[in-house]
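Visitor: Please see the structure below; I have some questions.
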Amino acid sequence: MKTAWLTLLFVALMSVVVQAASRPAAVQDLRYSSDKEKVRIVLDLTNTIEYRDLYLENPSRLVVDIQNAILSPTIKKEFLVNSPLASRIRIGQFNPTTVRIVVESSSEINIFFLDGGPTGYRLVIDVIKVPTKPAAEIKNPPSTDDDKAKLEAERKAREERERKAKEEKERKAKEDAERKAKEEKERKAKEEKERKIRLEAERKAKEEAERKEKEERERKAKEEKERKAKEEKERKAREREQQNSKTEKEKPTHTYPTQPSTPTNDVDVDLGKLMTLKGKVIAIDPGHGGNDAGAIGPSGLMEKTVTLNVALELEKLLVAEGATVIMTRHTDKTVSIKGASASAIEELQARCDVANRAKADIFISIHADSFSNPSARGTTGYYYSQTEGRKSIQLADNIRRALCEQIRTPSRGTKPCNFYVVKNTDMPATLIELAFISNHEEESILGSIEGVLKCAQGIFDGIEDYFG
Ligand SMILES: [Zn+2]
């Protein structure tokens with residue numbers, strides 16, 4: 001007896017490991033009970049066992065295979081269960097060492113061992129309700145109206161999702177097409193713009209070429225005109241000489257050159273124009289002088305020097321054309337007799353007085369511009385708009401234009417002003433700003449012999465245009 005109890009204790013401790021492996025367990029009975037929460041199946045065993053469980057479909061069933069077990073022949077093989085959790089329980093000898101229990105159910109199972117009972121060991125299979133996931137819906141085809149409605153709703157939801165996905169795809173395709181069309185449009189617009197810029201550049205290049213050609217023609221015509229004028233002058237000088245020798249001396253022994261080599265009718269055409277400056281009284285005012293240097297360029301060039309250099313060259317050109325030139329100064333000095341002690345107005349009035357006394361036909365005050373920003377450049381013609389009607393503006397404009405052509409400066413326009421010398425002279429008057437002495441490039445023009453000659457030529461051309 002005592003030995004039997006010890007054996008039992010041993011069995012309890014070493015059940016699975018030792019005894020299950022050695023002696024098959026007999027399945028002596030199967031009982032079940034059911035309530036709302038579960039269906040409990042209890043098997044009476046004579047030993048511990050090992051098992052495996054699985055789930056099979058059609059119909060949905062839970063299968064538990066008990067290994068190393070033998071089914072008692074007295075056991076009932078099938079039980080109909082009146083429960084929503086399980087409909088039928090079957091048990092059988094699946095193979096010589098396996099007893100199989102099948103529960104027709106779409107629920108889940110919970111399996112565990114219990115000691116005790118009529119044969120010492122029990123295996124409990126609980127078929128339990130799954131609250132969150134109704135088994136019927138997942139594991140069985142729809143059987144109720146509710147299920148059908150639910151599936152229908154799901155189908156509709158799916159269709160709706162598919163429809164939206166399709167719409168989204170179409171929308172993106174449309175956007176993509178619109179974007180591409182926009183890009184294409186922009187590309188074409190850019191090309192068109194570039195084409196126009198190219199055409200414009202070509203047009204300008206052509207105009208520039210034509211302009212140069214025209215200038216070259218005009219230059220040649222002018223040279224020709226000057227040559228003829230010179231010849232004409234020489235011819236007249238010879239005539240005078242002849243005349244003088246005839247009147248002053250009666251020396252028949254002397255012989256003189258006869259008529260000029262160039263026939264008179266060759267120069268007739270241009271003579272009228274050539275003579276436009278003959279007899280004209282032109283007052284030239286080289287700005288600043290003496291103690292007043294005017295503006296000073298970055299390299300130290302003084303405005304008073306530039307204005308005098310240009311004025312002296314201009315004087316030569318005008319005199320050569322038969323004009324009478326009145327200079328406010330011929331040297332580096334002030335014009336007022338008060339010299340350095342003269343006020344600014346006195347000095348400027350002195351310049352006006354020179355021109356007014358001489359009853360000059362026009363007055364030209366020569367200056368160079370200056371500005372704090374060294375990039376400022378160009379040529380400006382100034383006039384006083386309150387007197388002389390359009391004559392002063394015409395004089396200023398003719399000179400400014402011709403200057404720009406000669407020294408290639410940008411035009412800053414012909415502008416009205418209040419400068420003293422143009423306001424207080426009686427004749428058409430202009431104050432001309434040749435270029436910016438404060439601009440490095442333009443300073444070097446004004447400081448060069450070539451630049452000075454061109455400035456003089458420009459003013460001269462403007463005067464000729466004015467009287468022409
Ligand atoms: Zn000045």
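Visitor: For Ala320 and Phe112 in the same chain, what is the full-extension length gain: residue separation times 0.36 nm, less their Cα-Cα distance, in nm?
Guide: Fully extending the segment from Ala320 to Phe112 adds 61.3 nm.
Visitor: Taking a threshold of 24 Å on the Cα-Cα distance, which of the pairs Lys150/Lys172; Lys214/Lys316; Lys225/Lys454; Lys204/Lys391; Lys222/Lys316 fall above it?
Guide: Table pairs above 24 Å Cα-Cα are Lys150/Lys172; Lys214/Lys316; Lys204/Lys391.
Visitor: Exposure proxy check: Thr379, Thr276 ranked by fewest other beta carbons within 10 Å? Working shown, then result.
Guide: Values: Thr379 29, Thr276 17.
Fewest-to-most ranking of Thr379, Thr276: Thr276, Thr379.
Visitor: While we're on this one: Using the reciprocal of the averaged 1/r over all distinct C-alpha pairs, how large is the Kirkwood radius of the range 407-468 in Å?
Guide: 13.3
Visitor: Any number yet on Rg/Rh for the range 324-449, C-alpha, Kirkwood?
Guide: 0.98
Visitor: Same structure, new question: Please give the peptides 169-182, 421-434 ranked by average Cβ packing (other Cβ atoms within 10 Å per residue), highest first, as a rough proxy for protection. Before the final figure, lay out the partial values.
Guide: Details: 169-182: 10.0, 421-434: 24.1.
Going by the mean number of other Cβ atoms within 10 Å, highest first, we get 421-434, 169-182.
Visitor: Considering only the other residues whose Cβ falls under 13 Å of the Cβ of Glu175, what net charge follows from Lys and Arg at +1 and Asp and Glu at -1? Write down the numbers at each step before the final one.
Guide: Numbers: positive: Lys169, Arg171, Lys172, Lys174, Arg179, Lys180, Lys182; negative: Glu167, Glu168, Glu170, Asp176, Glu178, Glu183.
So the surrounding residues net to +1.
Visitor: So which lysines pass the test for Lys338, namely a Cα distance under 24 Å, with those fewer than 8 places away in the same chain ruled out?
Guide: Correct list for Lys338: Lys304, Lys359, Lys423.
Throughout, read-outs are computed from the coordinates displayed, never taken from laboratory work. What you see is a predicted model, and the numbers here were worked out from it, not measured in a lab. A quick note on method: Cβ atoms are made from the backbone with ideal geometry, for glycine too, and the neighbour counts reach across all protein chains shown.
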